[in-house]
Structure formats: structure tokens, C-alpha cells
Amino acid sequence: MEEIRYNNQIQEICEFTLEELTELFREMSEPPFRAKQVYSWLHQKLCGDFSEMTNLPKSLREKLSERFRVACAKPRQVLVSKLDGTRKYVLELYDGNVIEAVLMRYHHGNSVCISSQVGCRMGCRFCASTLDGCVRNLTAAEMLWEVYAIARDTGERISNIVMMGSGEPLDNFDETVRFLRMISDPAGLNISQRNITLSTCGLPDRIRALAEQSFQITLALSLHAASQEVREQIMPIAKAYPLSEVLSACEAYFQKTGRRLTFEYSVVKGVNDNRTEALRLSRLLKGRHGHVNLIPVNPIRERSYESPDRRTVEAFRDILTENGINATIRREMGRDISSACGQLRRSYIEHAGMRAD
Ligand code: SAH
């Protein structure tokens, strides 16, 4: 396979909005229409190399390739589900780091789940992405290329994005916001913001800052517990932010954007799956604008957390429903290639004899 050479001088051209690219081209004494052409090659035709941009003069293509990189993430491994066509990708970045992204096929369209960081520093107890901490933030260009690499590989249209892969998107705020703006840009791939969900462990200031962007995306809060005490057990980051603060930031998000929230609740056997917790959760969410998504925990070998049986999860859902809380159990995609978030990357690194740090 093709080598990716690490070169600090080379910039990622996909990082620039059309406005910025136009300005950059002006500095290079290139007319605005050239910037538009290049932007369309990059973000609509998903071109991976300047040499393929056939309506540009050769001299300009050469000039650009000396200064910029186009493809920011290259598929190194793909696992394909025989059950539902789900495709899990290991993608390699220019500096040799690898990340995961997943394509899920639903009747309403194709959805890509992307990572926002290499690793994660939030420390959630059941999550494989955080075991070695955060290596670095991803750039907006790299996040775009998670989507572009998959669209190119399959030749299929992507209509939905979920930021639910490795990393905490709001811990990489500026690049995440840039990514959201560019992926929904009518001059680019033009994915409707209503079809984008951002999942966060709950950083109140950043949730409020996101609301200020006035995006139409859905915010999903990783709640996982109905009390501060249980939440702290599962999510160390919860110690820094009282549940009441997190929830009021979510309410502010709803007030500002009009977008209803999703509350994610990973159900862990013997930890947060009992009747008392279900009742407590019903009380906590009463009158809030959102619904609960129950995710039976996907066990990772480094931790002892187990998934409850199906009946327990259904009983938990029924208690919520009986108490007027809208709740669904997440459908598991690609059960035959199922591995928890971040596990594929870890096994790829182990087999390649590489280290995560
Ligand atoms: N940092 C963000 C997004 C990452 S993960 C966040 O915390 O929301 C997306 C969702 O998957 C989160 O709700 C996360 O808690 C959950 N998750 C991660 N690993 C899991 C596992 N092994 N089993 C069940 N849910 C998991």
C-alpha cells in the first residue's frame, strides 16, 4: 500500500472554507473562479489528488501539490457485516495515526459515524477509545475525509452523520464547528444539519457555545445515569460538572435551537439497570425536551462491565414509557463485526506492532 509521508510544511487544503480558499488564491494571484473550481473538486466530487482536477492548468496543479495535501485519511482495513452491510473502517492519517469510522445503512439513507480525536481523554469506564488517553485532536479536514473516504470507497451517497466515534467532539471545539459548517455547506457535500447528530459526554460551557452557533444539528447527551453519584462512577468527567449544570446547558441548547435532545443511556448490568434507576431517570427527565436512547453496553475486555439481558433492558424501557418518557432501545448494526467504539483501532495497532502514543 501507498506510503504516507509526514511533512510539516504541507497544509491540508480541505481545511479551508470557500471564502478562505478564495482569499488564499487571491494571495497566489489566482482568480476567484479557480478557488471555486478547486473547492468543488474537493468537496463535491471528492477528488483525492490535484492531478485529477482536469479543468485546472497543469502549472496550477503542480503549484498546489507542492503546498497542499488533499486526501487526509486513507482506508487501511475494512470489516463488512454480512447481516446488514455495515462497514467498519480503520483510516490512516498523514502522521501514521489511525482512527475508526463506520458506515451504517438504514432505510432512510447511509449514515457515517466519525471520530473527532485520536483516542479520548474523558475516561468513561466502559469505553475502549479512552484507554490510552487522547493522542491528538483531529482537524476539520480529517473529519471531512472520514466521510469522503467512505463515500469514495462505496460510491454511495451519505445523508447522515453521527459524531459518536472515538473522541469528545466538544473537547475539540473549533475544528468540530468548522467540520459541521463545511460538511453542511451547500457548495460542498451539503449534508442537511438536521441529519447530523453530535454526541457529548456533557461539557456545559461548550454545549452553550455550540448553541450560539445556531446549527440545526441534534445534540445527544451521554447521560448514562440518573444521579450524580452513579454518573461519577461510570464517567470520571462527571466529577467536574454537576448533573444539574449539564442538564440546564442542554435545556439552553433546546431553547436556542428548538432542537429536541437525545439522552443516551448505556445500560450496564448491576450498575444502572435497575428499577430504582429507571424511576429516578423518569423523574429527572420529566418535562425535558428529548427522548432516551438505551444502549446495552458493549463489553470491552479491559473492564468488567457486562451487558444486561434483553428482558432487563426492555423492562427498563417500559418503566420509562409508563412514566411518560419517550424511550427506544438502539438497534445494533453489524452484529457480526460488532466491537465497541475504539476496539477495532486498538486491535489494528496491536497487530501492526504500533503503539497508540
Ligand atoms: N465523547 C462523546 C462521543 C463518543 S461515544 C460522548 O461521550 O458522547 C458515543 C456514545 O457511545 C456515547 O454515549 C458513549 O458513552 C457510548 N459508548 C462508548 N463505548 C460504549 C460501549 N462499550 N458500550 C455502550 N456504549 C458505549
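Only residues in region 276-301 that are free of Cβ contacts under 8 Å to residues at least 40 places away in the same chain count as the first member; pair them with residues that are near the ligand (Cβ under 10 Å from one of its atoms) and polar (S, T, N, Q), Cβ under 6 angstrom, at least 6 apart or cross-chain, and list the lot. Pairs found: 295/266; 296/307. Scanning region 131-176 for residues that are within 22 Å of residue 17 (Cα to Cα), more than 16 Å from the ligand (Cβ to nearest atom), assigned to a helix (DSSP H, G or I) and among the polar types (S, T, N, Q) yields nothing. Looking at 91, 21, just one residue is free of Cβ contacts under 8 Å to residues at least 60 places away in the same chain, closer than 30 Å to residue 135 by Cβ and assigned by TED's automatic domain parsing to the domain that holds residue 184, and that residue is 91. Residues that are in contact with a Ser or Thr (Cβ under 8 Å, 6 or more places away or on another chain), closer than 24 Å to residue 195 by Cβ and more than 11 Å from the ligand (Cβ to nearest atom) within region 103-129 comprise 103, 104, 105, 108, 109, 110, 111, listed in sequence order.
Does residue 214 satisfy the criteria of being part of a helix (DSSP H, G or I) and assigned by TED's automatic domain parsing to the domain that holds residue 121? Step through it out loud before you land on a result.
On the way: part of a helix (DSSP H, G or I): no; assigned by TED's automatic domain parsing to the domain that holds residue 121: yes.
In short, no.
Go through region 314-344 residue by residue and tally those that are part of a helix (DSSP H, G or I), aliphatic (A, V, I, L, M) and more than 30 Å from residue 132 (Cα to Cα).
Our first condition is that a residue be part of a helix (DSSP H, G or I); within region 314-344, this holds for 314-322, 335-337, 343-344.
Next, only the ones that are aliphatic (A, V, I, L, M) stay: 315, 319-320, 337, 344.
When the remaining residues are screened for being more than 30 Å from residue 132 (Cα to Cα), the result is 315, 319-320.
Number satisfying all stated conditions: 3.
Residues that are farther than 22 Å from residue 19 by Cβ, in a loop (DSSP other than H, G, I, E, B) and within 14 Å of the ligand (Cβ to nearest atom) do not occur anywhere in region 177-200. Can residue 115 be described as under 14 Å from residue 72 (Cα atoms) and in a loop (DSSP other than H, G, I, E, B)? So residue 115 passes the test.
Yes/no per residue for (1) surrounded by fewer than 17 Cβ atoms within 10 Å (Cβ to Cβ); (2) within 15 Å of the ligand (Cβ to nearest atom); (3) not assigned by TED's automatic domain parsing to the domain that holds residue 126:
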residue	(1), (2), (3)
293	no, yes, no
303	yes, yes, no
306	yes, yes, no
317	no, no, no
321	yes, no, no
324	yes, no, no
336	yes, no, no
346	no, yes, no
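The values are calculated or read from the model by the stated rules, or taken from the named source; none is laboratory data. Only a predicted model underlies this, so the values are computations on that prediction, with no experimental measurement involved. Virtual Cβ from ideal backbone geometry, glycine too; neighbours counted across all protein chains shown.
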